[in-house]
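Throughout, read-outs are computed from the coordinates displayed, never taken from laboratory work. Please read all numbers here as calculations on a predicted model, not as lab measurements. Note that each Cβ is placed from the backbone with ideal geometry, even for glycine, and that neighbours are counted across all protein chains shown.
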Amino acid sequence: MKPFNKTILAVAVTLASSQTMAAGFLLNAQSATGVGRAFAGDAVIADNASVLARNPAAMALFDKKQLSMGLNYADVEVTVSDVYINEIDYGGVDDAADAKIIPNFYYVSPVNDKFAYGVALFSNFGTGTDTTDLSTQLVDGTLPAPLDLLGKTEVTTLNFNLSASYRFNDHFSVGAGLDMIYGEGTLTRGGTVPTQAGSIELVDVDADGVAFGGIIGAVYEINADHRFGMSYRFSPDFKASGDINIYNSQAQAAVAFDEINIPLPDIFQVAGFHQLT
């Protein structure tokens, strides 16, 4: 079977990006210090090595080796209630998400007063929701729940990064890095229908893969107390392979595919740091 060249979130009717973002696909959990200040100015503050996740040019601000590592624990609570479609009540789900542990590791090493390099491990994307309980209900024994919107979504990514920075002078520095992204995920959509079959699986995916992206950045220092940073992360179209089955309404059966494409969004950041006193 030829590769499936559509995003899996557009397979079942309209599983579009709005649902992905609502499920929290983009993570902000790259460091404990960043979480503590809501990542404000995090692309240029450079108070520890975790700045590598936001702007490789900021490595030029270090004059000695830096190591930062940690674990973020996300106690996720998702409640789905009062699901109505055309005044039909489909009920709700009390606990539609699980808690997650998100690791991070950063190491920055200046080579001299011009060059520095760093390695990192962190995650930019991930989600986990499960509304399968709603998909098994029939209203009055005849009306199925909206199966194209209900099921399990589990996505985990790890970003391995290698970066370098160069300082041109006392004011301007640049940096660039290579990302190797490993991702794995599960996506199911389906449930009970009023037919002899009893149930139908619109989407059943369990796949993983590796993709490559990159990041570039710059830092401009007015002086020791005031500086600006900017970065742009190029995210790839992620290809994953595994068990990939999509329901074909004409064939009235599931069709297997070799791979799926999942486009990851690029990330652009501008930040400033100003020490007033």
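Looking at the range 43-77, which trypsin sites (Lys or Arg not before Pro) are DSSP coil and have at most 15 other C-beta atoms within 10 Å of their C-beta? Provide the component values of the computation, followed by the final result.
Numbers: sites: Arg54, Lys64, Lys65; in loops: Arg54, Lys64, Lys65.
Those satisfying the criteria are Lys64, Lys65.
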In nm, give the distance between the simple-model label positions of Ile267 and Asp206, each being 7 Å from the Cα along the Cα-to-Cβ direction.
2.9
Let's test the formula: R0 of 45 Å, r as the Cβ-Cβ distance of Thr132 and Asp47. What FRET efficiency results, to the nearest 0.05?
0.55
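For Glu259 and Ala224, FRET efficiency with R0 = 51 Å and r from the beta-carbon atoms, rounded to 0.05? Could the numbers behind the result be given before it?
Values: r = 50 Å, r/R0 = 0.99.
Efficiency computed from Cβ-Cβ geometry: 0.50.
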As an exercise, use a Förster radius of 41 Å and the Cβ-Cβ distance of Val174 and Tyr73 to find the FRET efficiency, rounded to the nearest 0.05.
0.70
Which part of the range 30-56 falls in the paramagnetic zone of Leu276, meaning amide N under 16 Å from the point 7 Å along Cα-to-beta-carbon?
41
For the range 127-134, what does the Karplus curve 6.51 cos²θ - 1.76 cosθ + 1.60, with θ = phi - 60°, yield as ³J(HN,Hα) per residue in whole Hz, taken in order and with x for Gly and Pro?
6, x, 9, 9, 10, 4, 4, 5
